[in-house]
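Trainee: Sharing a structure below in structure tokens format, with a few things to ask.
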Amino acid sequence: MCPMTDIDLKPSAPTETSPTTSFGFRDVPDADRQGLVNQVFASVAERYDLMNDLMSGGLHRLWKRDFVTWLNPPKNDQSFRLLDVAGGTGDIALRYAAASGPAASAVICDISPEMLAVGQRRITDAGLDQRITCIEGNAEDLPFASASFDAYTIAFGIRNVTHIDRALSEAYRVLRPGGRFLCLEFSECQIPFLDRLYDFHSFEVIPRLGRLTAGAAEPYQYLVESIRKFPKQDAFAAMIKTAGFERVTYRNMTGGIAAMHSGWKI
């Protein structure tokens, strides 16, 4: 694991002609963003569950349970295949394996080898190597044939993708007709007072806890900022529709601190 104290989150300076994108609250050259995100996750891979506990107050565990429940994987379809993107540590795939039939399979695709190493260890410890496969790959250019999967999930990962529209297009491409897209992501808190409390927790508490528990505040600062830059619920639902999905809906979790989005390839 890369020590958190070694992380360098300084991007190169944008030029007048280079396209830029957001990295938290900063604008960085488009070509640099993925590398900067990779550094963040290389540094937090071994503490990823702790990171989510800090950011959600432990609620991410309940949200993920409800996420897999909404997926509702079949119990008797041995050919059912799940693709879990940006799911390197295996949280969703392991829950899916417990909820689905004994022969249903899953592929975890993550751009971070450090995150995948954690996931592979957990999968092996659970005795699920025959059902869950880990593959390194980019959500914007998935290394899979078209119409290969029955369901596509991504939890707390899509806001870290540089070009969200490309990732959504790839999700649509790799799903079979009748396949389902499900996304769980931090979103806009829509309850008065709770939103102010959440902002205080995000910007004042989380970076300090990151420094105390993991030795560096910078990765946690980026992750908090990336939540605020991510499209709000209705805007993200519109992006899913633009990618070609139908019957697009979403459910707010804990007043909108997180939201689950669903769409179907019909």
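Trainee: Among the residues of the stretch 159-180, what is the count of those that are aliphatic (A, V, I, L, M) and at pLDDT below 95?
Mentor: Within the stretch 159-180, the first condition is being aliphatic (A, V, I, L, M), and the residues that meet it are 161, 164, 167-168, 171, 174-175.
With the extra rule that they be at pLDDT below 95, the set shrinks to 161.
Qualifying residue count for the region: 1.
Trainee: Sticking with this structure for a sec: For the stretch 108-135, give me each residue that is assigned to a loop (DSSP other than H, G, I, E, B) and within 25 Å of Gln34 (Cβ to Cβ). Walk me through it before giving the result.
Mentor: Here is the first cut: in the stretch 108-135, the ones assigned to a loop (DSSP other than H, G, I, E, B) are 111-112, 126-131.
Hits for the stretch 108-135 are Ile111, Ser112.
Trainee: Restricting to the stretch 27-45, name every residue that is outside any helix (DSSP H, G or I) and surrounded by 15 or more Cβ atoms within 10 Å (Cβ to Cβ). Steps first, please.
Mentor: If we filter the stretch 27-45 for residues that are outside any helix (DSSP H, G or I), which is where we start, we get 27-29.
Result: Val28, Pro29.
Trainee: If you take the residues of the stretch 109-120 that are touching an Asp or Glu at 6+ places or on another chain (Cβ under 7 Å) and farther than 23 Å from Ile227 by Cβ, which of them is surrounded by the fewest Cβ atoms within 10 Å (Cβ to Cβ)?
Mentor: Per the stated criteria, the residue is Pro113.
Trainee: Please determine, by comparing only the residues of the stretch 167-208 that are closer than 17 Å to Trp264 by Cα and of a type in the set (Lys, Arg), which one is nearest to the chain's Cα centre (by Cα).
Mentor: If we filter the stretch 167-208 for residues that are closer than 17 Å to Trp264 by Cα, which is where we start, we get 167-184.
Pick out the ones that are also of a type in the set (Lys, Arg) and you get 173, 176, 180.
Values: Arg173: 19, Arg176: 21, Arg180: 16 Å.
Restricting to residues being closer than 17 Å to Trp264 by Cα and of a type in the set (Lys, Arg), the top hit is Arg180.
Trainee: Right, another one. List the residue pairs whose Cβ atoms are under 6 Å apart, where the first residue sits in the stretch 110-122 and is over 11 Å from Phe41 (Cα atoms), the second is assigned to a helix (DSSP H, G or I), and the two are 6 or more positions apart or on different chains.
Mentor: Final answer for the pair search is Val118/Ala45.
Trainee: Which is farther than 30 Å from Ser262 by Cα and at pLDDT 80 or above, of Pro29, Pro74, Pro14, Pro102?
Mentor: Pro29
Trainee: Now for a different question. Looking at the stretch 112-133, can you tell me whether even one residue there is under 21 Å from the mean Cα position of the chain (by Cα) and closer than 29 Å to Thr242 by Cα?
Mentor: Within the stretch 112-133 (the criterion being under 21 Å from the mean Cα position of the chain (by Cα) and closer than 29 Å to Thr242 by Cα), the answer is yes, since at least one residue qualifies.
Trainee: For Ser79, work out the one condition from (1) modelled with pLDDT of 95 or more; (2) surrounded by fewer than 22 Cβ atoms within 10 Å (Cβ to Cβ) it doesn't fulfil.
Mentor: (1)
Trainee: Working only within the stretch 84-107, note down all residues that are touching a residue at least 12 places away in the same chain (Cβ under 8 Å), surrounded by fewer than 19 Cβ atoms within 10 Å (Cβ to Cβ) and in a helix (DSSP H, G or I).
Mentor: Ala99
Trainee: Still on this structure: Are there any helices (runs of 4 or more DSSP H) wholly within the stretch 166-266 with 2 or more residues that are closer than 25 Å to Glu46 by Cα and among the basic types (Lys, Arg), and if so which? I'd like the intermediate steps shown before the answer.
Mentor: Numbers: elements: 194-200, 206-214, 218-229, 233-242.
Of the helices (runs of 4 or more DSSP H) lying wholly inside the stretch 166-266, those with at least 2 residues that are closer than 25 Å to Glu46 by Cα and among the basic types (Lys, Arg) span 206-214.
Yes/no per residue for (1) buried (at least 22 other Cβ atoms within 10 Å of the Cβ); (2) touching a strand residue (DSSP E or B) at 6+ places or on another chain (Cβ under 7 Å); (3) of a type outside the set (D, E, K, R):
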site: Arg122; (1), (2), (3): no, no, no
site: Ala126; (1), (2), (3): no, no, yes
site: Phe200; (1), (2), (3): no, no, yes
site: Glu204; (1), (2), (3): no, no, no
site: Leu223; (1), (2), (3): yes, no, yes
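Trainee: Right, another one. Residues to consider are Phe156, Phe193; find the one that is crowded, with 18+ Cβ neighbours inside 10 Å, modelled with pLDDT under 95, closer than 21 Å to Gln233 by Cβ and out of contact with any helix residue (DSSP H, G or I) (no Cβ under 6 Å at 6 or more places or on another chain). It would help to see each step written out before you state the result.
Mentor: Numbers: Phe193 fails: crowded, with 18+ Cβ neighbours inside 10 Å.
Criteria check complete, one pass: Phe156.
Trainee: Output the number of the condition that Ile227 fails; it satisfies all remaining conditions of (1) modelled with pLDDT of 95 or more; (2) within 15 Å of the chain's Cα centre (by Cα).
Mentor: (1)
The values are calculated or read from the model by the stated rules, or taken from the named source; none is laboratory data. Not measured: the values here are computed from a predicted model. With ideal geometry, Cβ positions are generated from the backbone for all residues, glycine too; neighbour counts draw on all protein chains shown.
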